[in-house]
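Here is the structure we will look at.
The values are calculated or read from the model by the stated rules, or taken from the named source; none is laboratory data. The shown structure was predicted, so the numbers you read here are calculated from the model rather than taken from an experiment. All Cβ positions, even for glycine, are placed from backbone atoms using ideal geometry, and neighbour counts span all protein chains on display. Remember, those area values only see protein heavy atoms, side chains included, never the ligands or the DNA or RNA. Shrake-Rupley method; radii C 1.70, N 1.55, O 1.52, S 1.80 Å.
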Amino acid sequence: MVEREANFDGLVGPTHNYAGLSWGNVASNRHARSTSHPREAALQGLNKMKALSDMGLVQGVLAPQERPDIATLRQLGFTGTDADVLDKAFREDPMLLAACCSASSMWTANAATVSPGADTKDGRIHFTPANLINKFHRSLEHGVTGRILRQVFSDENHFCHHAALPAHDDFGDEGAANHTRLYDNQGKGLELFVYGRSAHRPDMPAPQRYPARQTLEASRAVARLHGLSEHNSLFIQQNPAVIDQGVFHNDVIAVGNGNVLFYHQQAFLDTQGVQDEIRRKLPDADMHFIEVSDSDVPVQDAINSYLFNTQLVTLAPGHMALIAPTECADTPSVKAYLERLTTMNTPVQEVRFMDVKQSMQNGGGPACLRLRVAMNEAELAAVNPACLMNDTLYGHLSAWIHRHYRDRLIPDDLRDPMLLDESRTALDELTQLLKLGSVYPFQR
């Protein structure tokens, strides 16, 4: 059956703020303690979803996490009323409070790794939530993420859900941000797992300055869980030198779709080996390897503009569009390259710019905001329809955001018990709107 690739974007949560929690993420650190605008951020993300839906693509919505995370603060010893817990945490450890208020679940590229039924042994779509153990604030997400995914993709005849990998450095897993899928005209797929280091092979190259968040061992474990074979999976090492320059995930330096792999010259440790293996495993794909050189776009320009954290989507056979943040148009080297890209006789025929500045300033571009799920028509029909974007849902969510989100937020506002009440009220209403049931701790 013919597959369609759906994008499931994360709604930006009511506590969207700039706390600078992500060491190794240049944009996150640069904007630490700036004033954020939660309403604007949520509307920017929602407008991107609507725009892709209007292009004819299947677009879904994933709910944010419950924040502030009072349950975790209580687990760490803060007591009293919810207001007491927030106040004590703020006075004793404001960075811990910020971690428990992070809206980072908006970046659903880190939510899970997804393998379509065409690739898996049992023919079902498999989901494994990422454990995200490299950053404390993200390690809190996978339990609720798993519950949300089970409510969106609930039919066991079509979908299989796994628990996150063990919470240990050996199995550090960052989800689809280090995973992409190529495929040929017949739908034969090849899943690329990109890792930063091997936990069990210390002799292998590894970054020295910033952490390698994805391990080879984690990637192999996910592939085993999903029932993939040697023929439809490929494990690729990211270049440690670009991790040390601030490329914290592969999707900051490379993006793939169909028979196109778009990447920077420095993205992989062995680029020629990557190309050779892809050609060997996808011999009928007529692959286009679009390599961007240092001379055309320096790595720092690629990071600052998120040239590769773009969505590469298929609008028609042989016609792909690159969904890029407006920062790409504002960076001279990147703008010049993109103007040439659409004339290079590849499937990438157009570039569409979208404003997601509130997300960009916290370290996530268009590709960070979406989780890709390739589905055939029967699988798509089994998805929770309340989570699929259309004009009606867009109107409901836009009104919901205007009703519940603050215009501005500074880190000191995270101690405000009213923010907790506002967030819970908003999320309780959202679960009814998206027909998710009781997925949050405060509802259980």
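Write down the percent of antiparallel bridges among all DSSP beta bridges whose residues are both part of region 104-223, to the nearest 5.
On the way: 9 of 13 bridges.
Rounded to the nearest five, the antiparallel share is 70 percent.
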- prompt: What is the calculated FRET efficiency for Ala381 to Asp294, with r their C-beta to C-beta distance and R₀ = 45 Å, to the nearest 0.05?
  reply: 0.45
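May I ask you to work out the translational diffusion coefficient for region 72-200 at 25 °C, viscosity 0.890 mPa s, via Stokes-Einstein with Rh from the Kirkwood sum over Cα pairs, reported in whole µm²/s? Numbers along the way, then the final one.
Details: Rh = 16.7 Å.
Rounded to a whole number, D works out at 147 µm²/s.
Near Gly60, within a Cβ-to-Cβ distance under 14 Å, what is the net charge of the other residues, with Lys and Arg +1 and Asp and Glu -1? Don't skip to the answer; put the middle values down first.
Values: positive: Arg4, Lys48, Lys50, Arg370, Arg372, Lys435; negative: Glu5, Asp9, Glu379.
The answer is +3.
How long are the three semi-axes of the equivalent ellipsoid of region 176-322, in whole Å, if each is the root of 5 times an eigenvalue of the C-alpha gyration tensor, listed from largest down? Write out the running numbers ahead of the final one.
Details: eigenvalues 106, 84, 31 Å².
The equivalent ellipsoid of region 176-322 has semi-axes of 23, 20, 12 Å.
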message: Between Ala399 and Asn345, how high is the FRET efficiency from 1/(1 + (r/R0)^6) when r is the Cβ-Cβ distance and R₀ = 45 Å? Nearest 0.05.
response: 0.50
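Where Lys and Arg each count +1 and Asp and Glu each count -1, what net charge lies around Phe159 among other residues with Cβ under 13 Å from its Cβ?
The answer is -2.
Using DSSP, restrict attention to beta bridges with both residues in the chain and report what percent are antiparallel, rounded to the nearest 5. Spell out each step's value before the answer.
Values: 28 of 54 bridges.
In the chain, approximately 50 percent of DSSP beta bridges are antiparallel ones.
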query: Rounded, prolate or oblate: which fits region 183-260, taking a ≥ b ≥ c as square roots of the Cα gyration tensor eigenvalues, rounded meaning a/c under 1.5, else prolate when a/b beats b/c?
result: oblate
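Could you tell me the relative contact order of region 5-155? Use alpha-carbon pairs under 8 Å, at least six residues apart, and round to a whole percent. Each step should come with its number before you reach the end.
Values: 211 pairs, mean separation 36.5, N = 151.
After rounding, I find 24 percent.
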statement: Here, Gln208 and Glu422, labelled 7 Å along Cα→Cβ, have an inter-label distance in nm of 4.7 nm
- prompt: So how tilted is helix 142-152 from the main axis of the chain? Cα-based, degrees 0 to 90, rounded to 10.
  reply: 70 degrees
message: Using Cα-Cα distances under 8 Å and only pairs 6 or more residues apart, what relative contact order does region 217-308 have, in percent?
response: 32 percent
- prompt: Dividing the alpha-carbon radius of gyration of region 264-396 by 2.2 N^0.38 Å (N being the number of residues), what value is obtained?
  reply: 1.21
statement: PRE zone check, label point 7 Å out along Cα-to-Cβ of Phe136, amide N under 20 Å, scope region 38-65, hits 65
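Measure off, as a whole percent, the carbon and sulfur share of the 1.4 Å-probe accessible area of the chain, all protein chains present. Don't jump to the answer; show the numbers that get you there.
On the way: 8050 of 16520 Å².
Carbon and sulfur: 49 percent of the exposed surface of the chain.
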- prompt: Val439: net charge of surrounding residues, Cβ under 9 Å, Lys/Arg +1, Asp/Glu -1, itself excluded?
  reply: +2
query: Under a straight-distance cross-link criterion of Cα-Cα below 19 Å, which lysines are reachable from Lys281, leaving out those fewer than 8 residues away in the same chain?
result: Lys121, Lys188
query: Between Arg444 and Arg279, what is the spin-label point distance in nm, taking each point 7 Å from the Cα along the Cα→C-beta axis?
result: 5.0 nm
- request: Amide H neighbours of His264 under 5 Å, at least 5 residues apart or on other chains, H built in the peptide plane: list them.
  value: Val292
- prompt: If you put +1 on each Lys and Arg Cβ and -1 on each Asp and Glu Cβ, how big is the dipole of the chain around its Cα centre, in Debye rounded to 20?
  reply: 380 debye
Two-site label geometry, Ala163 and Ser229: point separation in nm, points 7 Å out along Cα→Cβ: 3.0 nm
- line: Per its Cα gyration tensor (rounded if a/c is under 1.5, else prolate when a/b beats b/c, else oblate), the chain is best filed as rounded
- line: Taking Cα atoms, the helix 82-92 axis meets the longest principal axis of the chain at an angle in degrees (rounded to 10) of 70 degrees
query: When the helices in the chain are scored as -39500 (n - 2.57) per DSSP H run of 4 or longer and the sum is shared across all residues, what 222 nm value do you end up with, to the nearest 500 deg cm²/dmol?
result: -9000 deg cm²/dmol
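Find the accessible area per residue for region 303-385; the probe is 1.4 Å, ligands and nucleic acids are left out, and the unit is Å².
Working: 2800 Å² over 83 residues.
So region 303-385 comes to 34 Å² accessible per residue, rounded to a whole number.
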- request: May I ask for the distance between the Cα centers of region 276-293 and region 133-150, given as a whole number of Å?
  value: 34 Å
- request: Take the Cα atoms of region 342-444, build their convex hull, and give its volume per residue in Å³.
  value: 171 Å³
- line: The relative contact order of the chain, taking Cα pairs under 8 Å that sit 6 or more residues apart, comes to a percentage of 24 percent
field: Reachable lysines from Lys48, criterion Cα separation under 24 angstrom, eight or more residues apart if same chain
entry: Lys335, Lys357, Lys435
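What FRET efficiency, computed as 1/(1 + (r/R0)^6) with R0 = 41 Å and r the Cβ-Cβ distance, is obtained for Arg352 and His200, rounded to the nearest 0.05? Before the final figure, lay out the partial values.
On the way: r = 43 Å, r/R0 = 1.04.
So the FRET efficiency works out to roughly 0.45.
State in Å² the accessible area per residue of region 133-262; use a 1.4 Å probe, count heavy atoms of protein chains only, and round to the nearest integer.
Working: 4760 Å² over 130 residues.
With all protein chains present, region 133-262 gives 37 Å² per residue.
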